[in-house]
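The values are calculated or read from the model by the stated rules, or taken from the named source; none is laboratory data. All values reported here derive from a predicted model rather than from experimental measurement. FYI the Cβ positions are ideal-geometry reconstructions off the backbone, even for glycines, and counts take in every protein chain you see.
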Amino acid sequence: MKNQTDLKNMLNRIDHRSYPAYKDIKGSYQFDRYMLSIDHVQGDPFASPSKISIHILGNEAAFPAALYDMKVKRIALQDCLLRQFSGQIERFSFKAKGSGKSGLLSVSRCGQEILERSGCEVDMKNGDLIIRMEIGFPANGRKINARELERILFEFLPLCVRKTLFYQSLDSRMLERTAELAVDQQYIRDQLPKLGLTAFIANDAILPRESGVSQKPMRNAIKFHSPKSMEVTLNLPNHRNINGMGLKKGINLIVGGGYHGKSTVLKALELGVYNHIAGDGREYVITDRTAMKIRSEDGRSIKNVDISMFINDLPNKKDTRSFYTEDASGSTSQAANVIESMEAGTRLFLIDEDTSATNFMIRDELMQRVVHRESEPITPFIDRIRGLYEKDGISSIIVAGSSGSYFRKADCIVQMDHYIPKEITKFAKEEAEKFMAVSESAPKYQHPSFARSIKADRSFRKNNRIKIKTLGRDSVSINHDTIDLRYVEQLADVEQLVTLGYMVKYAEIHLFDGEKSLQEVVDILSDSIDQNGFAAICEGHNLPSDLARPRRQEIFACFNRYRTLHM
């Protein structure tokens, strides 16, 4: 095993040589209490930065097992350490000077959600710790500036490691609170089905965000407070008894005037599938982990999806039991989104009328009188929503501001009034009874089939150089194929898109054999990461530092929007 003296000697030897000589230092070096591994060296100072990992044995890091002996605590600890390390690293980024990306120091920039990331891993068996990061190796022009890299590796980095990656250097009470919060959040999530709930919003939660570009809580925002009729009390393992609004299984409707907080509540519920950090305001906003935001998505591709539950007898005789299009309409895209979410195992639909196709959601009484059922190929969601719950066990939370059509269908109706929720179920239903409704029985349907098998793209397998690139949270590209994910609204971090790119690449090469169904492919991917971490999808190469785990629902959504997929 080489040590830090060997590394320093090598840097002295290659100083002022041409940039490719940096590749000579690739390898592992033992420093005081940790090992530094130079896993990949960039080709020039303007290329993607070099990949570095820091390895600390569990007996050196010395974090008590009680901080990581459960999966949810381990992920919370990893998230906490990554945030601590990132805060220190930012102070030194670009302090070393040079051309291009010289002196860049970067690790994952965690948002408000707590995600499982490749940037930091703690081994549950022995507490061994790995941090992965990127460093721009310094150069003057294209000549190595080894003196500046020496500053990074022997001054900046050791200081950051000492301050943030050893238990004795950190606030032990802060670490304990992190673990306790994670356990409490998991407890609520586990209690939801036992209590017949789909979601919980704690009293005093802060739901509005600072701005459209900041997910931090809004200052001086009105705190959420549950209507008494919907209030639930939970006795948390590590917290005082906590009260909040419980949304029961079934059909829940959120109504109110514009700008009164309806969509703010729904957005909080969308991201309630993830745990949030302390101080976020949504720490105790917990949603069924399978919840899926359903919306229209004009122009998306649909691959042989059975949408006959909603659309039948098209004038062009197109088969809706295996519907295919490269340019979906609002109604067909939303129908496909519902069926695909069912295929992914979703138990809760989250829907906002503002982002829905009107003709998919409702047909008002006058339209039913003028255009009869036999002339309309669309069976609207309102006619299926009760069956979806009673037959398939799928609940719905719907935001509506302009149509009262769902009053008759809803089990619970909440009005947002100046950001204050009020339960108005009885009143709304009494008012709905005063309006005559045209009663049309919805046509019967066969349960959709999910037996779509996938064939690999042969040209993909022959290409050994496969590039994965993300465009913010809008899309991920695999070579020249772009997967548009801008309307998959529960993707919380760009690193989740990077991971989806690796999943597509791995599945194309190893799993798409024309026999496995999409459900089987996603099961294999999820189980592989559970057992072997992110390395399971990275083909034995150096593990990237910028991976974050997406949910099962987003994996399905990615594959379903991959235009070159052969189903």
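Rundown of residues vs (1) over 22 Å from residue 273 (Cα atoms); (2) not hydroxyl-bearing (Ser, Thr, Tyr); (3) not assigned by TED's automatic domain parsing to the domain that holds residue 274, yes/no style:
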{"position": "529", "(1), (2), (3)": "no, yes, yes"}
{"position": "532", "(1), (2), (3)": "yes, yes, yes"}
{"position": "535", "(1), (2), (3)": "yes, yes, yes"}
{"position": "538", "(1), (2), (3)": "yes, yes, yes"}
{"position": "545", "(1), (2), (3)": "yes, no, yes"}
{"position": "552", "(1), (2), (3)": "no, yes, yes"}
{"position": "555", "(1), (2), (3)": "no, yes, yes"}
{"position": "567", "(1), (2), (3)": "yes, yes, yes"}
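A single member of 205, 221 is outside any helix (DSSP H, G or I) and within 23 Å of residue 348 (Cβ to Cβ), and it is 205. Within the range 102-116, if we keep just the residues that are farther than 30 Å from residue 65 by Cβ and either at pLDDT below 95 or hydroxyl-bearing (Ser, Thr, Tyr) (or both), the residue that is surrounded by the fewest Cβ atoms within 10 Å (Cβ to Cβ) turns out to be 106.
Within the range 232-269, work out how many residues are within 22 Å of residue 552 (Cα to Cα) and out of contact with any Asp or Glu (no Cβ under 6 Å at 6 or more places or on another chain). Residues flagged as within 22 Å of residue 552 (Cα to Cα) and out of contact with any Asp or Glu (no Cβ under 6 Å at 6 or more places or on another chain) within the range 232-269 amount to 4. Of the listed requirements (1) over 22 Å from residue 548 (Cβ atoms); (2) at pLDDT 95 or above; (3) surrounded by 20 or more Cβ atoms within 10 Å (Cβ to Cβ), residue 355 misses just one: (3). Report yes if residue 139 is assigned by TED's automatic domain parsing to the domain that holds residue 217, buried (at least 23 other Cβ atoms within 10 Å of the Cβ), out of contact with any strand residue (DSSP E or B) (no Cβ under 6 Å at 6 or more places or on another chain) and touching a residue at least 40 places away in the same chain (Cβ under 8 Å), otherwise no. So residue 139 fails the test.
Conditions tested, residue by residue: (1) in the same structural domain as residue 59 (by TED's automatic domain parsing); (2) closer than 30 Å to residue 104 by Cβ; (3) over 26 Å from the mean Cα position of the chain (by Cα).
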{"position": "144", "(1), (2), (3)": "yes, yes, yes"}
{"position": "151", "(1), (2), (3)": "yes, yes, yes"}
{"position": "154", "(1), (2), (3)": "yes, yes, yes"}
{"position": "205", "(1), (2), (3)": "no, no, no"}
{"position": "212", "(1), (2), (3)": "no, yes, no"}
{"position": "226", "(1), (2), (3)": "no, no, yes"}
{"position": "231", "(1), (2), (3)": "no, no, yes"}
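For the condition charged (D, E, K, R), outside any helix (DSSP H, G or I), touching a residue at least 24 places away in the same chain (Cβ under 8 Å) and over 25 Å from residue 483 (Cα atoms), residue 313 qualifies. Return yes or no: is residue 101 touching a Pro at 6+ places or on another chain (Cβ under 9 Å), part of a loop (DSSP other than H, G, I, E, B) and charged (D, E, K, R)? For residue 101, the condition - touching a Pro at 6+ places or on another chain (Cβ under 9 Å), part of a loop (DSSP other than H, G, I, E, B) and charged (D, E, K, R) - is met. Of the candidates 282, 289, the single residue that is of a type outside the set (A, V, I, L, M, F, W, C) and touching a strand residue (DSSP E or B) at 6+ places or on another chain (Cβ under 7 Å) is 282. Specify which of the listed residues (465, 452, 458, 473) is under 30 Å from residue 113 (Cα atoms) and either out of contact with any Ser or Thr (no Cβ under 6 Å at 6 or more places or on another chain) or modelled with pLDDT under 80 (or both). Just one listed residue meets the conditions, 473. Restricting attention to the range 1-51, the residues that are hydrophobic (A, V, I, L, M, F, W, C), over 16 Å from residue 154 (Cα atoms) and either surrounded by 14 or more Cβ atoms within 10 Å (Cβ to Cβ) or modelled with pLDDT of 95 or more (or both) total 5.
Suppose we filter the range 156-191 for residues that are closer than 26 Å to residue 239 by Cα, aliphatic (A, V, I, L, M) and part of a helix (DSSP H, G or I); how many remain? Total meeting the criteria: 7. Taking the range 467-567 as the region of interest, the strands (runs of 3 or more DSSP E) fully inside it that hold 3 or more residues being out of contact with any helix residue (DSSP H, G or I) (no Cβ under 7 Å at 6 or more places or on another chain) and either basic (Lys, Arg) or more than 30 Å from residue 268 (Cβ to Cβ) (or both) are 513-517.
Of all the residues in the range 182-200, those that are buried (at least 20 other Cβ atoms within 10 Å of the Cβ), in contact with a helix residue (DSSP H, G or I) (Cβ under 7 Å, 6 or more places away or on another chain) and under 23 Å from residue 79 (Cβ atoms) number 3.
Among the residues of the range 230-259, how many are surrounded by fewer than 19 Cβ atoms within 10 Å (Cβ to Cβ) and either hydroxyl-bearing (Ser, Thr, Tyr) or more than 15 Å from residue 187 (Cα to Cα) (or both)? Residues that pass the stated criteria total 7. Please tell me if residue 422 is charged (D, E, K, R) and over 24 Å from residue 487 (Cβ atoms). When the stated conditions are applied, residue 422 passes them.
Against the conditions (1) surrounded by fewer than 18 Cβ atoms within 10 Å (Cβ to Cβ); (2) closer than 24 Å to residue 297 by Cα; (3) of a type outside the set (A, V, I, L, M, F, W, C), residue 496 satisfies every one except (1).
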